[in-house]
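Have a look at the structure below before the remarks.
The values are calculated or read from the model by the stated rules, or taken from the named source; none is laboratory data. Computed from a predicted model, the values in this text were never measured in an experiment. Methodologically, a virtual Cβ is constructed for each residue, glycine included, from the backbone with ideal geometry; neighbour enumeration extends over all protein chains shown. Heavy atoms of the whole protein, side chains included, go into the accessibility calculation; ligands, DNA and RNA do not. Shrake-Rupley method; radii C 1.70, N 1.55, O 1.52, S 1.80 Å.
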Amino acid sequence: FQSNRFHPLVWIVGEPEIGENVYIGGLSEVNARGARVQIGANCDIASFVTINCADSHKKCIGLSDEVERMDILIEHNVFIGSHSVIKGGVRIGHHSVVAAGTIVGPADIPPYSLVVGNPMVVKAGYYANKA
């Protein structure tokens, strides 16, 4: 694990853009190699979370010669629960919550949403009137 400002057991790959006042728990990964990964300010990313811009399954089974890499944007004030996976091609709007164990596939998640499950279910605006 390369040294980082979060936790000695957080794995940072590439050069993600990470805002101020962000917490990333131990044994989490942020893979930004080959794509733009942005995490806004005031985000709380629990332990055992994977934020990974790369998908190699098509290369592995012979359908592609390249690893597919897609950008990820996590806006300000987002909470991501433990054991969640954020895949390439995702934008998570500000003030949203990703519940523990959720797999977030390519999608545009609106602000103030709750995202749960596998397959993910997006409850758009869930937190809009609760602030």
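Structure summary
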quantity: Distant-in-sequence amide H partners of Arg36 (H built 1.01 Å from N, under 5 Å); calculated: Asp71, Ile72
quantity: Assigned charges on the beta-carbon of Lys, Arg, Asp, Glu; the chain dipole about Cα centre (debye); calculated: 240 debye
quantity: Sulfur and carbon atoms: percent of accessible area, region 55-105 [1.4 Å]; calculated: 56 percent
quantity: Farthest positive-ward along the chain dipole, Cα basis, beta-carbon charges - from Leu9, Ser64, Ser84; calculated: Ser84
quantity: Of all DSSP beta bridges in region 32-91, antiparallel share, percent nearest 5; calculated: 15 percent
quantity: When the convex hull of its Cα atoms is projected in every direction, mean area for the chain (nm²); calculated: 7.7 nm²
quantity: Peptides 91-100, 33-42 ordered by average Cβ neighbours within 10 Å, highest first; calculated: 91-100, 33-42
quantity: 222 nm mean residue ellipticity, helices alone, for the chain (DSSP H n ≥ 4; -39,500 (n - 2.57); rounded to 500); calculated: -500 deg cm²/dmol
quantity: Average accessible area per residue (Å²) across the chain - probe 1.4 Å, nucleic acids and ligands excluded; calculated: 53 Å²
quantity: Theoretical FRET efficiency, 1/(1+(r/R0)^6), r = Cβ-Cβ of Lys130 and Asp108, R0 22 Å, to 0.05; calculated: 0.55
quantity: Table column - 3J(HN,Hα) (Hz), region 2-10, Karplus curve with 6.51, -1.76, 1.60, x for Gly and Pro; calculated: 6, 4, 8, 7, 9, 6, x, 10, 9
quantity: Glu66/Asn21 FRET efficiency (R0 41 Å; Cβ-Cβ; nearest 0.05); calculated: 0.70
